[in-house]
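Student: This structure is in structure tokens; I'll ask about it shortly.
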Amino acid sequence: MSVQGVKLDTSITRAISLAEEIANNDDLLTELLIRLPIKSSVKFKSVSKHWLSLISNPHFSVRLSLAPRLTAGLFLRNVDSTEYDFINLVSSSPRAPFKLLTLGDESSQIMVLQSCNGLLLCCSLKAQEFARFLDFNFFENYYVFNPTTKKYKMLPPLPARTGVFRAVPGIFLAFDPSKSPHYKVICVRSIYDSLEDTRFEMLIYSSKTGGWQVSGNTFLGPFSLTLLGGVYWNGAIHWINFWQKSLYLDVEEEEVREMPMPPIPDGYEDRIFCYFGESGGHLHLVEIYNNLSVLFNVFEMEKDYSKWFVKYQVDLRGIATAYPEMLFRNYVNPDSFRYSILCLVREEYDDNSYVVLHLSKKAIRYNLKEKTFETLHQFAPSGSKIRDKFAIQYIWSDAFQHIESLACVW
């Protein structure tokens, strides 16, 4: 018995010694912590001052960003209320980080504009009725918000420009935690107008400096320029356009360039975008011109912008059979399908990549390789008979990816 007792004491002593070795080795401790769920890292800040300092260090967030992270869910902006729906994409993911978004003492409605690698760009509205039109000229305060840590930063006011009223086509977030713990916010606004071309300037906020700077570069665009999308990928912000050229802004070079696009099919004058977004370091585009056909291609952009190529061929006939409410008949289009693409998620192993579809009151997960599908989310009744009868059809610009992150928002 005494021998066994000695062995037991030796094992306990060795385990304690190993635990102390790990606890005192920041490199080894970091390697262990970055492999845990983000929520666990947040809780472990309370273990000790040492762990708090280690996990709160911006370099820890950079290391964390290099590890593959799942898209945990989707925030869905509801144009008919101030609340957000949330679709959980990971079984182990906790409940929605928020339903009604409030920041600090802000009494105005808070609205999500863009999601970028774990951070959300938000704004408050001067007039709520302008929410559905996304008119940036009626936004008041801008915020960068981390829904995982609940931390946020209210950006300083945009520098004023004297003279006549100037339009603000858009404001966008650029953040790549694998390259830097700092983010940038880019505001595009016109500096003079004409009936033909308008010159636009860029104001850039950097979390590193904490202030707005006017870029030395400007660019020409049509008077009616719209900057739809605002997708950050490959170090640039990308905008698609229904009627004019599609553009992208190289954030480091502060230069706007034309983005090549697939040809528009014969018989159509304007583009019909069904999805435009980034996932797993890839930029994707879906255009469907045939009454939302159940057969379509998903395009992916080459890193050098040389071309779009077909990455996936999608066949939704199985979904249309399983969910007959997907078929939408009317006098104009007797055999069209009613659905929308909310998000395309690229997984670490491509066999698991999928799209999230919205049809009627359901969200469907469709595996792009296996061509299998399942009901992912059932939207709760709204309490309004009219709204439930004519269910809101969310589209891709209403959906914002939630990627759990410990990124700081200075």
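The values are calculated or read from the model by the stated rules, or taken from the named source; none is laboratory data. Keep in mind the model is a prediction, meaning the values are calculated, not measured. Positions of Cβ are backbone-derived with ideal geometry, glycine not excepted, and every protein chain shown enters the neighbour counts. Calculation scope for accessible area: heavy atoms of the full protein, side chains included, ligands and nucleic acids excluded. Shrake-Rupley method; radii C 1.70, N 1.55, O 1.52, S 1.80 Å.
Student: Apply the Karplus curve 6.51 cos²θ - 1.76 cosθ + 1.60, θ = phi - 60°, to the phi angles in the range 229-241 and return the couplings in whole Hz, x for Gly and Pro.
Tutor: x, x, 9, 8, 7, 6, x, 9, 9, 10, 10, 9, 9
Student: Between Tyr305 and Gln378, what length comes free when the chain is fully extended (0.36 nm per residue of separation minus the Cα-Cα distance, one decimal in nm)? Could the numbers behind the result be given before it?
Tutor: Working: separation 73, 0.36 × 73 = 26.28 nm, distance 3.83 nm.
Value of the extension gain: 22.4 nm.
Student: So if we plug the beta-carbon distance of Lys208 and Lys245 into 1/(1 + (r/R0)^6) with R0 = 25 Å, what FRET efficiency do we get, rounded to 0.05?
Tutor: Values: r = 32 Å, r/R0 = 1.27.
Computed FRET efficiency for Lys208 and Lys245: 0.20.
Student: Right, here's the next one. Could you sort the peptides 400-406, 154-160, 49-55 by per-residue average Cβ neighbour count (10 Å cutoff), highest mean leading?
Tutor: Numbers: 400-406: 22.3, 154-160: 12.7, 49-55: 14.6.
Highest-to-lowest ranking by the protection proxy: 400-406, 49-55, 154-160.
Student: Give me Rg/Rg_expected for the range 195-345, where Rg uses Cα atoms only and Rg_expected = 2.2 N^0.38 Å with N residues. All intermediate terms of the calculation are to be shown ahead of the outcome.
Tutor: Numbers: Rg = 18.5 Å, N = 151, 2.2 N^0.38 = 14.8 Å.
Rg over 2.2 N^0.38 Å, computed on Cα atoms: 1.25.
Student: In addition: Computed FRET efficiency, Cβ-Cβ of Ser48 and Tyr268, R0 60 Å: what is it to the nearest 0.05?
Tutor: It comes to 0.45.
Student: Too long at a 19 Å Cα-Cα cut-off: which of Lys184/Lys208; Lys43/Lys99; Lys45/Lys150; Lys43/Lys150; Lys99/Lys151? Walk me through the intermediate numbers first.
Tutor: Numbers: Lys184/Lys208 9 Å; Lys43/Lys99 22 Å; Lys45/Lys150 15 Å; Lys43/Lys150 13 Å; Lys99/Lys151 16 Å.
Where the Cα-Cα span goes over 19 Å, the pairs concerned are Lys43/Lys99.
Student: Okay, moving on. Can you compute 3J(HN,Hα) from phi for each residue in the range 339-351, using the Karplus curve 6.51 cos²θ - 1.76 cosθ + 1.60 with θ = phi - 60°, rounded to whole Hz and x for Gly and Pro?
Tutor: After applying 6.51 cos²θ - 1.76 cosθ + 1.60, I find 7, 9, 9, 8, 6, 10, 10, 8, 8, 4, 9, 4, 4 Hz.
Student: At 1.4 Å probe size, with every protein chain present, just tell me what the per residue accessible area of the range 220-303 comes to in Å².
Tutor: Values: 3750 Å² over 84 residues.
On a per-residue basis, 45 Å².
Student: From a point 7 Å beyond the Cα of Thr226 in the direction of its Cβ, which residues of the range 236-263 have a backbone N at a distance under 11 Å?
Tutor: Answer for the range 236-263: 240-244.
Student: Provide the per-residue ³J(HN,Hα) series for the range 262-276, in order, calculated from phi with Karplus coefficients 6.51, -1.76, 1.60 and θ = phi - 60°, each as a whole number of Hz, with x at glycine and proline positions.
Tutor: x, x, 6, x, 4, x, 10, 9, 10, 6, 10, 7, 10, 6, 8
Student: Grab the beta carbon distance between Asn25 and Ser91, set R0 = 35 Å, and tell me the FRET efficiency rounded to 0.05.
Tutor: Numbers: r = 33 Å, r/R0 = 0.95.
The formula returns an efficiency of 0.60 here.
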